[in-house]
Amino acid sequence: MTTTNPADGDGADLPVIPVPRDPRCPLHPPAEFAEWRNSEGLQRALWRGQPVWAISRYHDIRAALTDPRISADVQTFNQTYADDANMPLIFARMDDPEHNRLRRMMTTDFTARRVDAMRPYIQDLVDGFLDTIIGKGPTADLVREFALPVPSLVISRLLGVPYEDHQFFEENSAKSLDTSASEEEAGAAGGALFNYILELLAVKEREPGDDLITRLVARVANGDLSRQTAAMTGFIMLQAGHETTASMIALGTLALLQHPDDLERLRQTDDADLIANIVDELMRYLTTVHSLVDRIALEDLTIGGQTVRAGDVLLMNLPAGNWDPAFVENPETFDIDRNTRGHLAFGYGVHQCIGMNLARAELQIALSTLARRMPGLRLAVPPEQLKFSDEQSIYGIRELPVTW
């Protein structure tokens, strides 16, 4: 059994997360993650300036995310604002039963039935953006002209956010997730988004609609939520609802371009099950949420052969877990026929992504329609010129120049 590192010192010798990816294979997790999986115990690393235990094995991650001795409520444990009644509650950073109480207020907006009802709207959006791209003619930046606006419009509609404000929330969302930004810069960007949603709550009080923000306003009126918690909930949903899906559309397109036989199968099929499996294999293979799921130990415990002390922070290394040979054979192979059930791209346990049905629908429609309507799609620049976002908590690509 491995014991806790007795002294991290200044952390100068610890690897820093996010770990940069090899520019020769930027869609693969860092090679170090295989070493972390194979090493005894857990890997000590620096994340956001603090020492953490990185959990990199598939079964250890699942165990940690369901262990009642391991909490999502890091802020309260550290008394960051536990005694401040004016601070918003963050449902994703809470434990049951309060987490479940807050989460249930939004589940009706993300059920499979509700998402299925949105599919025609998503299809119209996708077709509209592709009409514009194809009509303009080669070339196009698929990030700016397709991957980002599609999920931004979808989440705007669901929340009731005016899409004309998309540039504001896209820029501030990216800055708040930028690990290379200073704490002040990231905090200012997040604060700007929070205040924007706070103002939108007031608008929805005067002009209610059929949207999530309006339903949160009703919860405030009923005394179920504070105004600050409602605003924080809207902020989280706005940010999570476009960043991850936009990254997956762009990186998924690039991965398919690197696997032309699989892209051709996607282009030729109308099999919904195959399309769904391709998307889930892309999510396993790419795992864009590479440094965002942290937990805290409530008591001394052992996980993955590692003694962890109460108060230690644990970071779920989702890309490493999804590439664990204990989960799938030959994980480095992109295999659209494999059984991807159980991948960790949406997390696991009670905190599993509330919007996973919507994200899957957007990806299935966006990628299958793109493949079908642009059969000659290819990169417009050499692959080595592509620039990726290692510094973001959600991995992505800055631009994707394509031609056809």
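The values are calculated or read from the model by the stated rules, or taken from the named source; none is laboratory data. None of the values given here were measured: they were computed from a predicted structure. Note that we place each Cβ from the backbone using ideal geometry, even for glycine, and neighbour counts take in every protein chain shown. These accessible areas exclude ligands, DNA and RNA; they are computed on the full protein's heavy atoms, side chains included. Shrake-Rupley method; radii C 1.70, N 1.55, O 1.52, S 1.80 Å.
For the stretch 239-360, with the dipole built from +1 on Lys and Arg beta-carbon atoms and -1 on Asp and Glu ones, taken about the Cα centre, which of 298, 242, 252 lies farthest toward the positive end?
The residue sitting farthest along the positive end of the dipole is 298.
What ³J(HN,Hα) values, in whole Hz, does the Karplus curve 6.51 cos²θ - 1.76 cosθ + 1.60 give for the stretch 381-393 when θ = phi - 60°, with x put for Gly and Pro?
9, x, x, 5, 8, 5, 10, 10, 9, 5, 7, 8, 5
Take residue 48 and residue 127, extend 7 Å from each Cα along the Cα→Cβ direction, and tell me the distance between the two endpoints in nm.
Roughly 4.3 nm, to one decimal.
Using per-residue counts of other Cβ atoms within 10 Å, averaged over each peptide, order 248-261, 160-173 from highest down.
Put in order of decreasing packing, that is 248-261, 160-173.
Going through the DSSP H helices of the chain, which span 18 Å or more along their own axis at the Cα atoms while scoring at least 0.5 as a mean Kyte-Doolittle hydropathy?
Membrane-span-like by this rule: 227-257, 272-286.
In nanometres, what is the gap between the two model label sites at residue 13 and residue 67, each 7 Å from Cα along Cα-to-Cβ?
2.5 nm
At 1.4 Å probe radius, can you tell me the per residue accessible area of the chain in Å²?
On a per-residue basis, the chain sits at 44 Å².
Could you size up the charge dipole of the stretch 323-367 around its Cα centre, putting +1 on the beta carbon of Lys and Arg and -1 on that of Asp and Glu, and report it in debye to the nearest 20?
Working: 3 positive and 6 negative charges, 49 e Å.
Computed charge dipole of the stretch 323-367: roughly 240 debye.
So what is the 222 nm mean residue ellipticity for the chain from helices alone, if each DSSP H run of at least 4 adds -39500 (n - 2.57) and you divide by all residues, rounding to the nearest 500 deg cm²/dmol?
-14500 deg cm²/dmol
When only C-alpha pairs under 8 Å and at least 6 residues apart count, what is the relative contact order of the chain, in percent?
Details: 624 pairs, mean separation 110.5, N = 404.
Computed over the chain, the figure is 27 percent.
Leaving out ligands, DNA and RNA, what percent of the accessible area of the chain is carbon and sulfur, probe 1.4 Å?
For the chain, the apolar C and S fraction of the accessible surface comes to 50 percent.
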